[in-house]
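Novice: Have a look at this one.
The values are calculated or read from the model by the stated rules, or taken from the named source; none is laboratory data. This is a predicted model, so every value here is computed, not measured. Glycine gets a Cβ as well: all are built from the backbone with ideal geometry, and neighbour counts include every protein chain shown. Accessible surface areas use protein heavy atoms only, side chains included; no ligands, DNA or RNA. Shrake-Rupley method; radii C 1.70, N 1.55, O 1.52, S 1.80 Å.
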Amino acid sequence: MGSSDEKVVAVIMVGGPTKGTRFRPLSLNIPKPLFPLAGHPMVHHPINACKRIPNLAQIYLVGFYEEREFALYVSSISNELRVPVRYLKEDKPHGSAGGLYKFRDLIMEDSPSHIFLLNCDVCCSFPLPEMLEAHRSYGGIGTILVIKVSAESASQFGELVADPVTNELLHYTEKPETFVSDRINCGVYIFTPEIFTAIQDVSTQRKDRANLRRMSSFEALQSATRSLPADFVRLDQDILSPLAGKKKLYTYETMDYWEQIKTPGMSLKCSALYLGHYRHTSPHLLAIGDGTKSATIIGDVYIHPSAKVHPTAKLGPNVSISANARVGPGARLISCILLDDVEVKENGVVIHSIVGWKSSIGRWSRVQGGGDYNAKLGITILGESVAVEDEVVVINSIVLPNKTLNISVQEEIIL
Amino acid sequence: MKALILVGGFGTRLRPLTLSVPKPLVEFANKPMILHQIEALKAIGVTEVVLAINYQPEVMMNFLKEFEEKVGIKITCSQETEPLGTAGPLALAKDKLIDDSGSPFFVLNSDVISDYPFKEMIEFHNAHGGEASIMVTKVDEPSKYGVVVMEEATGKVERFVEKPKLFVGNKINAGIYLLNPSVLDRIELKPTSIEKEIFPKIAAEEKLYAMTLPGFWMDIGQPKDYITGLTLYLDSLRKKSPSKLASGSNIVGNVLVHETAKIGEGCLIGPDVAIGPGCVIESGVRLSRCTMMRGVRIKNHACISSSIIGWHSTVGQWARVENMTILGEDVHVGDEVYSNGGVVLPHKEIKSSILKPEIVM
């Protein structure tokens, strides 16, 4: 059992601009980790969860976005949490283990006893103190957060087998073709500093192999034309798979929600999950109203303090309204995200949609998605500064920035 | 003078409305379709109207008894027991159409809406001295119809060409005829087409004349044309009796609102809207190019365009109903539901959106 003054650091992998293309057109304007879910940047939710870790010394964000893109957010969140948050820029993608290893000296500066590693694009309750406690009791070098999913959906993720009694990780395989297990890797880990040795070993082996100037069939599978550089180390295939069954890695199963946020559709679903989470953790963030002095609110709704919502409007469930948005008389919003400076005019309707920055929805206009969060056109997305004119209907469509729609569209991508 | 109106069958093309009401009784601009014709006939001195009908004569007659007195005209039914085409019903009603005066009689297709220039037609008929007159109307795409080829100066009909591939003319049969009683001698009591069998014979004898219809014309036998017809009708009403149309800051273009209908605050109504008796239009509602039948309720913030809302139906808050949505009688569209071209049979509740035109049984 660890002592109470052991320090813990958290590392959140945020990726970079060449990643997250499936998040377009929303990622054309903003790094995906800063896209707001339930009114706060995606990365805010794991950061906020870190607050519950005892003896948290530092939070690092690791990615290959430009530093300036995170500068504002990092400084404001450091102040808010009163924990230092720092953005570390990789010169190129290193894989999640490689990225961690590259900054090992900084991460180990305060000699932490444990390192949390979180992927930014997962949505869950982040039960970090519970994981830490479990990890200490297992005594391995790492513990992985896992969840049970349906057998059909498991193959999209890293499938793993754990010992039902000891929780030891027995087998790990990334996106298998055949069914291995219905337990999957949630992309949330806790490690002891020994993890750096394990990454170092992979890196060294790879250098040796590269020196032989021959490509193993394993590598050929991953990269048809070139072998992986020595400093590119993936956590799943390169670390978790080889170390499974060696009494080094353990699992902690969450019974809460978990989703991966790869697409705008999933961001709408995850926004709902985080709003639901506020019910338990921060109910003051949720709007209330019955249509007398303020708008009628159904279910979980977040309204930024600077947004203006007319009392005759009706909002919810699952609505998030960002800064300076204006929602006019008689507007109706269901399951949607309005980004900064959006205007919804009188009697406008927005359902299962994301409305981009500075966009406007005309009088009696209707912007609607079918609500299938996994389908390509399952929700409607308006990019930045899109104007939907009065009485126009936009259904199951994606509209790229700076377009004006004066006729109705359905199931279209508008460049 | 007498007149025969060809009412015909079940009006399947105007379903689901005609599942509740016989087609001639379906309201158009807040008045049963057939009443537009009967009133126009009465105005030029027709004293008796015969309805050639092949189903539900009881329903029709119950309803029309009321109007016999109100309009001051005799209305009778001539019921076919088997379909007789467009000419056979004339033979069936022969005894009712012929009287001692020997004057010509009108024959109208019940689906046709226009300014009914019957007076001009009588003058035209008397002037040419032939056996029969037909109204023709100019269309943009004559290839879809039966074209009437005629001498432009006199109107003497030369021939009929059904759906011509090459342009032969742009005037089509408008379904309004004025016939001498002698025409009845040409028709046997069997299924016969007046357009294909009777008129060509009269034309061959150079006794058939066509008059180009002044003003608008529309066959409103199907929903799309019903909505277009309303636009044309209201446009004509604007010229003839503008005081019948609604006015106010919430009204755009031509709108007909029944005196017993109620309209809430912050609505924008028009153009080309008819709101029937007892309708309630709540606040913040947008209506354009649509018809509300009797007793309809449109709830707050809903938006309706290019649609027909059947009797006693309701449309929920923030619902959107458009693109030739036709709601039958007593249909209820839920809050926030979107209907894009839904055709809904009577007594249904619509709880989820209809994204593509479809029929809801």
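Novice: Run down A:Thr380, A:Thr404 and say which single residue is hydroxyl-bearing (Ser, Thr, Tyr), under 23 Å from A:Asn29 (Cβ atoms) and open to solvent by 10 Å² or more (accessible area, probe 1.4 Å).
Specialist: Every option except A:Thr404 fails the conditions.
Novice: Please determine, by comparing only the residues of segment A:383-401 that are within 11 Å of chain B (Cβ to nearest Cβ) and among the acidic types (Asp, Glu), which one is surrounded by the fewest Cβ atoms within 10 Å (Cβ to Cβ).
Specialist: Within segment A:383-401, the match that is surrounded by the fewest Cβ atoms within 10 Å (Cβ to Cβ) is A:Asp390.
Novice: For B:Ile227, state whether it is part of a strand (DSSP E or B) and either farther than 30 Å from B:Tyr116 by Cβ or open to solvent by less than 60 Å² (accessible area, probe 1.4 Å) (or both). Outline the logic, then answer.
Specialist: Numbers: part of a strand (DSSP E or B): no; either farther than 30 Å from B:Tyr116 by Cβ or open to solvent by less than 60 Å² (accessible area, probe 1.4 Å) (or both): yes.
Answer is no for this residue.
Novice: Can you tell me which of B:Thr86, B:Thr76, B:Thr81 is free of Cβ contacts under 8 Å to residues at least 40 places away in the same chain, in contact with a Lys or Arg (Cβ under 9 Å, 6 or more places away or on another chain) and either surrounded by fewer than 17 Cβ atoms within 10 Å (Cβ to Cβ) or under 17 Å from B:Gly11 (Cα atoms) (or both)?
Specialist: Answer to the selection: B:Thr76.
Novice: Let me ask another. Of the residues that sit in segment A:363-375 and are part of a loop (DSSP other than H, G, I, E, B) and surrounded by 24 or more Cβ atoms within 10 Å (Cβ to Cβ), which one is farthest from the other protein chains (Cβ to nearest Cβ)?
Specialist: For segment A:363-375, the residue satisfying everything is A:Gly369.
Novice: Output yes when any residue across segment A:161-175 is in a loop (DSSP other than H, G, I, E, B), open to solvent by less than 20 Å² (accessible area, probe 1.4 Å) and over 23 Å from A:Leu100 (Cβ atoms), and no when none is.
Specialist: No.
Novice: When the residues of segment B:264-286 are filtered to those that are under 25 Å from the mean Cα position of the chain (by Cα) and not in a loop (DSSP other than H, G, I, E, B), which remaining residue is farthest from the other protein chains (Cβ to nearest Cβ)?
Specialist: Among those residues, the one meeting the criterion is B:Ala274.
Novice: Given (1) more than 26 Å from A:Thr312 (Cα to Cα); (2) without any contact (Cβ under 8 Å) to a residue 40 or more places away in the chain; (3) buried (at least 21 other Cβ atoms within 10 Å of the Cβ), identify the lone condition not met by B:Ile269.
Specialist: (1)
Novice: Here's a follow-up. For segment A:329-375, how many residues meet the condition of being among the charged types (D, E, K, R), free of Cβ contacts under 8 Å to residues at least 40 places away in the same chain and either within 23 Å of A:Tyr274 (Cα to Cα) or in contact with a strand residue (DSSP E or B) (Cβ under 6 Å, 6 or more places away or on another chain) (or both)?
Specialist: So the count comes out to 5.
Novice: Tally the residues that are part of a helix (DSSP H, G or I) and among the acidic types (Asp, Glu), restricting the search to segment B:29-62. Give the derivation first.
Specialist: Taking segment B:29-62 first, the residues part of a helix (DSSP H, G or I) are B:33-43, B:57-62.
Right, trim to among the acidic types (Asp, Glu) and you get B:39, B:58.
Going through segment B:29-62 one residue at a time, the tally reaches 2.
Novice: Please work out if B:Val71 is assigned to a helix (DSSP H, G or I) and either open to solvent by less than 50 Å² (accessible area, probe 1.4 Å) or in the same structural domain as B:Ile122 (by the TED database) (or both).
Specialist: Spelling it out, B:Val71 is indeed assigned to a helix (DSSP H, G or I) and either open to solvent by less than 50 Å² (accessible area, probe 1.4 Å) or in the same structural domain as B:Ile122 (by the TED database) (or both).
Novice: Can I ask one more? Say whether the condition of being within 16 Å of A:Ala244 (Cα to Cα) and in a helix (DSSP H, G or I) is met by at least one residue in segment A:183-194.
Specialist: no
Novice: Tally time: how many residues in segment B:308-361 are part of a loop (DSSP other than H, G, I, E, B), touching a residue at least 24 places away in the same chain (Cβ under 8 Å), open to solvent by 30 Å² or more (accessible area, probe 1.4 Å) and away from every other protein chain (no Cβ under 13 Å)?
Specialist: Of the residues in that region, 3 qualify.
Novice: Next question, about the same structure. Can you name every residue in segment A:402-411 that is assigned to a loop (DSSP other than H, G, I, E, B) and within 13 Å of another protein chain (Cβ to nearest Cβ)?
Specialist: Of everything in segment A:402-411, those that are assigned to a loop (DSSP other than H, G, I, E, B) and within 13 Å of another protein chain (Cβ to nearest Cβ) turn out to be A:Ile407, A:Ser408, A:Glu411.
Novice: For segment B:287-307: of the residues being within 11 Å of chain A (Cβ to nearest Cβ) and buried (at least 24 other Cβ atoms within 10 Å of the Cβ), which is nearest to B:Tyr233 (Cα to Cα)?
Specialist: Among them, the one singled out is B:Leu287.
Novice: Select from segment B:242-260 the residues that are open to solvent by 20 Å² or more (accessible area, probe 1.4 Å), assigned to a loop (DSSP other than H, G, I, E, B), of a type in the set (A, V, I, L, M) and away from chain A (no Cβ under 14 Å) and list them in ascending order.
Specialist: B:Ala246
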